[in-house]
Amino acid sequence: MDELREITQHLLRFSPDALVVIDDANRIRFANETVKELFGYAPEDLIGKPLDLLIPERLRAHHGKHTASFMRSPNNREMGARIADLFALRADGSEFSAGIRLAPIRIGGRLFVAAAIRDTTERRLASEELIAARKEADRANRAKSRFLATASHDLRQPMQTIQLLNASMMKFVPEPQVRELLQQQGQAIESMTRLLNALLDISRLESGAIEPVSVEVPVADVFEELRTEFSSLARARGIDLRVESQRVVLSTDRTLFYQLLQNLVGNALKYTDHGWVRIRCSTDAEGVTIAVEDSGIGIPADKLERIFDEYYQVDTHGTKRMGVGLGLAIVKEVARLLGFSVKIQSTVGQGTQAQLLIPNKFRVASALATTESAAAPTHAAALHKARLILVEDNDGVRVATELFLKLEGHETLSARTVAEAEVLLEGLAPGDVVIADYHLDGRNTGLDLLLRLRERVGYDVPGVILSGDLPSVLRSIKSPVVACHFLSKPVNTAALVDAIAELSATAPG
Ligand code: ADP
């Protein structure tokens, strides 16, 4: 028994924690050797003293309440788990950050409390450093997103100018070799645009700035839109684009859903040199599966795991195809946001199968099952060239757009400011089409301009709104003006020409 007692005393003495026992009157009844190291008191000097001796004055009242509550319902616990700042007072008046564990001891009907106290200054500093590092990382992340947004906005204007000048030059140059060079230049501009948009899309997705908004989305509509977007590219590359849709309606975010499929179809076409690309939809007990398959170059099995990583590209035969390795990172992020999962299987030399698995809970029974597969607009028949009223505050972009549109055969009037535009628009005639920048000045958007015009003339004046916003952002703008197209800068000149032709074919007058 004596032996055991001795061992216990030893253990108490050498415990790395200072151990103190107090009675129900808050007086210290026991203190081990470690209190000397931690508090600077000899243990015997503490016996019989009030516990307050070890507590900084400013915390005593609070501590008193805490001890009283502990005495009412005593149990083993970490003190201050809910109090962030626990401090203890040394004999020399200095303080240290303390971690304290409490345990009740009942002896002969009296309640004592044992406290194990340790200096947590280092842990506290480490956690403060961690918090500071985290704040710094968040700040850097916000700065990165701001930089990307600004850089992309400021890059769009000159890119728009170059794009329009490139298309205008095409009209003057008969020599095939020079045309070839201009064509290559045009392609380089397009790939810069794609890169810019992908960088911004991924940074917006990662910053958590995007919240999906669910609406009823007929899969057939989205497939039709994909067909419209990709059929000319497929034709140009000699690839058979097969779209097999189904009468399925989903409840999901239309813009994000389209963006996801757009990336998969874009990849299928990019990595297929001959054969076909197929988009199809099937349903089973689990849910809806959308497959984007190709007969392309395929992906080596050992690379499949990494293709969803940001900036990862499989360098096939040393030829990197236009891209930066963000497409599938965007697919992964968007699928996560929407609650879908994506699988990719592939065989080198035979092709790739991407599958989007959509759980049944996203499926809705709806009357909206298909598009009223509207006949393609017959704007090609619109031989008449509409008069255009252009509103653009950036000088370079305005001059280049005006030049391009005039070369396209349109009478074009242009305004630099909203005030100048208001003057021009007084002479608006039925059949005129307005082409306006979206962010015109602090107060007006191009859409506001169209709305005011509608109020004045009593019909929807057809308009093309050009904007520095991402295509993925523009797609979610709901325009109250029906005869209105939104195009993202730098606009593809063919898309601009198409939009004007379609609007002038349907314009009144
Ligand atoms: P990238 O911009 O390079 O296309 P992605 O993130 O979209 O980037 O794709 C990552 C890599 O995965 C690509 O570089 C490509 O090697 C491979 N990949 C993606 N889709 C396909 C496909 N359908 N066929 C073959 N390889 C593909």
Notebook entry, point to check: By the gyration tensor of its Cα atoms, with a ≥ b ≥ c the square roots of the eigenvalues, what is the shape of region 168-287: rounded for a/c under 1.5, prolate for a/b over b/c, or oblate?
Noted result: oblate
Notebook entry, point to check: Between residue 399 and residue 479, what length comes free when the chain is fully extended (0.36 nm per residue of separation minus the Cα-Cα distance, one decimal in nm)?
Noted result: 26.1 nm
Check: Based on the inverse mean of 1/r over its pairs of different Cα atoms, what is the Kirkwood hydrodynamic radius of region 2-119, in Å?
Finding: 14.6 Å
Margin query: So, R0 is 56 Å and r is the distance between the beta-carbons of residue 3 and residue 71; what FRET efficiency does that work out to, to 0.05?
Written below: 0.95
Next item on the list: Work from the charge dipole of region 2-119 (Cβ charges, +1 for Lys and Arg, -1 for Asp and Glu, about the Cα centre) and give the residue of 107, 51, 21 farthest towards its positive end.
Entry: 107
Checklist line | Check: the chain dipole with +1 on Lys, Arg Cβ and -1 on Asp, Glu Cβ, in debye | finding: 900 debye
Item checked: Rel. contact order, % - alpha carbon contacts under 8 angstrom, at least six apart, region 388-506 -> 21 percent
Note to self: Please list log₁₀ I(q)/I(0) at q = 0.09, 0.16, 0.18 Å⁻¹ for region 388-506, using the Debye equation with identical point scatterers on the alpha-carbon positions.
What the structure shows: -0.20, -0.69, -0.90
Notebook entry, point to check: Once the Cβ-Cβ distance between residue 12 and residue 140 is put in as r, and R0 is 51 Å, what FRET efficiency do you end up with, to the nearest 0.05?
Noted result: 0.55
Notebook entry, point to check: Along the charge dipole of the chain, Cβ charges K/R +1 and D/E -1, which of 159, 218, 463 sits furthest on the positive end?
Noted result: 218
Check: Roughly how many debye, to the nearest 20, is the charge dipole of region 2-119 about its Cα centre, given +1 on each Lys and Arg Cβ, -1 on each Asp and Glu Cβ, and no other charges?
Finding: 580 debye
Check: In what order do 448, 302, 393, 253 fall by count of nearby beta-carbon atoms within 10 Å, going from fewest to most?
Finding: 302, 448, 393, 253
Notebook entry, point to check: Using alpha carbons only, how many degrees (0 to 90, rounded to 10) separate the axis of helix 57-72 from the longest principal axis of the chain?
Noted result: 80 degrees
Check: Can you give the direction-averaged projected area of the convex hull of the alpha-carbon atoms in region 213-375, in nm²?
Finding: 9.6 nm²
Item checked: Which of 416, 124 has the fewest Cβ neighbours within 10 Å, and the rest in rising order -> 416, 124
Item checked: Along principal axes, Cα extents of the chain, largest first, whole Å -> 110, 59, 51
Checklist line | Label point distance in nm, residue 26-residue 301, each placed 7 Å from Cα along Cα→Cβ | finding: 7.3 nm
Next item on the list: Among DSSP beta bridges lying fully in region 388-506, give the percent that are antiparallel, nearest 5.
Entry: 5 percent
Notebook entry, point to check: Ranked by Cβ crowding within 10 angstrom, fewest neighbours first, how are 496, 125, 59, 256 ordered?
Noted result: 125, 59, 496, 256
Item checked: Computed P(r) (all Cα pairs; region 91-148; 10 Å bins; percent) -> 18, 23, 21, 17, 12, 6, 2, 0
Item checked: Over the chain, relative contact order from alpha-carbon pairs under 8 Å, at least 6 apart, % -> 11 percent
Margin query: Can you tell me what share of the DSSP beta bridges in the chain is antiparallel? A percent to the nearest 5 is fine.
Written below: 70 percent
Next item on the list: Consider a paramagnetic label point 7 Å from the Cα of residue 283 along Cα→Cβ; state which residues of region 346-365 have an amide N under 18 Å from it.
Entry: 356-365
Item checked: Estimated vicinal HN-Hα couplings, Hz - region 18-31 in sequence order (Karplus 6.51, -1.76, 1.60; Gly, Pro = x) -> 6, 10, 9, 10, 10, 9, 6, 9, 6, 9, 7, 10, 8, 8
Item checked: Sequence-distant residues sharing a close amide H with residue 120 (under 5 Å, placed H) -> 97, 98, 99
Next item on the list: Determine, at each q value in 0.16, 0.20, 0.22 (inverse angstroms), the log₁₀ of I(q)/I(0) that the Debye formula gives when each Cα of region 123-234 is one equal point scatterer.
Entry: -0.99, -1.14, -1.18
Check: Measuring from centroid to centroid over Cα atoms, what is the spacing of region 238-302 and region 474-509 in Å?
Finding: 27 Å
Margin query: Below 8 Å, C-alpha to C-alpha, sequence gap of six or more: please give me the relative contact order for region 213-375 in percent.
Written below: 28 percent
Check: Using a basic spin-label model with each label point 7 Å from the Cα along Cα→Cβ, how many nm lie between residue 494 and residue 154?
Finding: 3.3 nm
Check: Taking θ as phi - 60°, what are the ³J(HN,Hα) couplings along region 156-163 by the Karplus curve (6.51, -1.76, 1.60), each to the nearest whole Hz, with x for Gly and Pro?
Finding: 5, 5, x, 5, 4, 4, 4, 4
Check: What spacing in nm lies between the two simple spin-label points modelled at residue 235 and residue 132, each 7 Å away from Cα in the Cβ direction?
Finding: 6.3 nm
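Since every read-out is calculated from the coordinates, none of them should be taken as a lab result. As the structure is a prediction and not an experimental result, all values here were calculated from the model. Quick reminder, even Gly has a Cβ in these numbers, built from the backbone with ideal geometry, and neighbours come from all protein chains shown.
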